[in-house]
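Since the structure comes first, as structure tokens, the remarks are kept for the end.
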Amino acid sequence: MTDQPIVHVRGLRMEYSGRTVLDGIDLRIERGEVVALLGPNGAGKTTTIEILEGFRQRAGGEVTVLGEDPAHAGDAWRADVGVVLQSWRDHGRWRVAQLLEQFGALYGPYATSDRDRPYRAGDLLELVGLAPHAGAQVRTLSGGQRRRLDVAIGLVGRPRLLFLDEPTTGFDPVARHEFHELVHRLSDFDDTTVLLTTHDLAEAEKIAGRILILDGGRIVADGSAAALAREVAGMSEITWREDGARHVHSAADPVPFVRDLLARPDTEVTELQVRAQTLEETYLAMVARTESAEAVTPVGEVEAA
């Protein structure tokens, strides 16, 4: 293998009906990374993923995934890409192992000297914790078990890159925790690179080694959860009472604001407090700003997830 990144994006742009959804995204993902693309609903996460998967044509920019442009890649390239959508068409009558074997048979022609295909159904069921259910009908599985099967289907062709789009939507807490544990194992499974979308910061922190925050059509933060807590959540919240009323203000550097506040003549400032905002508070502020903008979107405007 070379040092070529798994995903390389420069200046990615996308528009719908004159509305800019992606505004010059730059992105690089290395082999074996687990990366979460995080953002509020409507931020452009699914649009970004669909462009990288080759399912949607971009308006501009350069995109390379596994060394090729997804917009023009062929079947051999697609065999290297695994996709787990938010939902699959129902295959309820199939037995679990039989369904995996059926999907796996599609990948046999794309076996290479360095990548044997497909995976054995039994091996995948062990990986995703469904081995005891190999002979069960798909319709008898719980929601969490069905999502594990979705991941097995995405992996059966032994992809170099796996996309997970909002993987735990509708999960209960137990199923969500189990799925997080599964994703942690994927990066060690044949150096699988994982790119997932979510709008849940807590989920991104638990799953990914690296978080990208998409807001306003741009990636506004990129790093580990710990790094983002230091860099993105660098705003300070200043609260005080002035003439009996409570006030709140945010500032990157609180010192000048506090100095000016205390220097106001004939103003009584009490209960003055300064504290750093958390990463969660910063992200929730992004979500609130995006939702506020969507509330005034003209009727008929095309929305992008």
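Looking only at residues in the range 227-253 that are out of contact with any helix residue (DSSP H, G or I) (no Cβ under 9 Å at 6 or more places or on another chain) and of a type in the set (Gly, Ala, Ser), which one is farthest from His177 (Cα to Cα)? Going through the qualifying residues, I end up with Gly244. Entry remark, the range 99-134: residues being part of a helix (DSSP H, G or I) and touching a helix residue (DSSP H, G or I) at 6+ places or on another chain (Cβ under 8 Å) number 14 in total.
Within the range 33-84, the set of residues being surrounded by fewer than 16 Cβ atoms within 10 Å (Cβ to Cβ) and not in a strand (DSSP E or B) comprises Asn41, Phe55, Gln57, Ala59, Gly67, Asp69, Ala71, His72, Gly74, Asp75, Ala76. Just for the range 213-264: of the residues that are assigned to a strand (DSSP E or B) and polar (S, T, N, Q), which one is farthest from Ile29 (Cα to Cα)? Among residues in the range 213-264 that are assigned to a strand (DSSP E or B) and polar (S, T, N, Q), the one farthest from Ile29 (Cα to Cα) is Thr239. Name the residue that is farthest from Val81 (Cα to Cα), counting only residues in the range 28-57 that are touching a helix residue (DSSP H, G or I) at 6+ places or on another chain (Cβ under 8 Å) and of a type in the set (A, V, I, L, M). Filtering the range 28-57 for residues that are touching a helix residue (DSSP H, G or I) at 6+ places or on another chain (Cβ under 8 Å) and of a type in the set (A, V, I, L, M), the one farthest from Val81 (Cα to Cα) comes out as Ala43. Examine the range 109-118 for a residue that is buried (at least 20 other Cβ atoms within 10 Å of the Cβ) and either at pLDDT below 90 or assigned by TED's automatic domain parsing to the domain that holds Ala36 (or both), and state whether such a residue exists. Yes: the range 109-118 contains one or more residues that are buried (at least 20 other Cβ atoms within 10 Å of the Cβ) and either at pLDDT below 90 or assigned by TED's automatic domain parsing to the domain that holds Ala36 (or both).
For the range 86-108, the condition holds for at least one residue, the condition being that it is touching a residue at least 40 places away in the same chain (Cβ under 8 Å) and either outside the structural domain of Arg147 (by TED's automatic domain parsing) or within 18 Å of the chain's Cα centre (by Cα) (or both).
Within the range 133-189, if we keep just the residues that are more than 30 Å from Pro109 (Cα to Cα) and in contact (Cβ under 8 Å) with a residue 60 or more places away in the chain, the residue that is surrounded by the fewest Cβ atoms within 10 Å (Cβ to Cβ) turns out to be Thr169.
Applying the set (1) free of Cβ contacts under 8 Å to residues at least 60 places away in the same chain; (2) out of contact with any Ser or Thr (no Cβ under 6 Å at 6 or more places or on another chain) to Thr192 leaves exactly one unmet item: (1).
The values are calculated or read from the model by the stated rules, or taken from the named source; none is laboratory data. Quick caveat: nothing in here was measured; it's all calculated off a predicted structure. Counting neighbours? That spans all protein chains shown, and the Cβs are built from the backbone with ideal geometry, glycine included.
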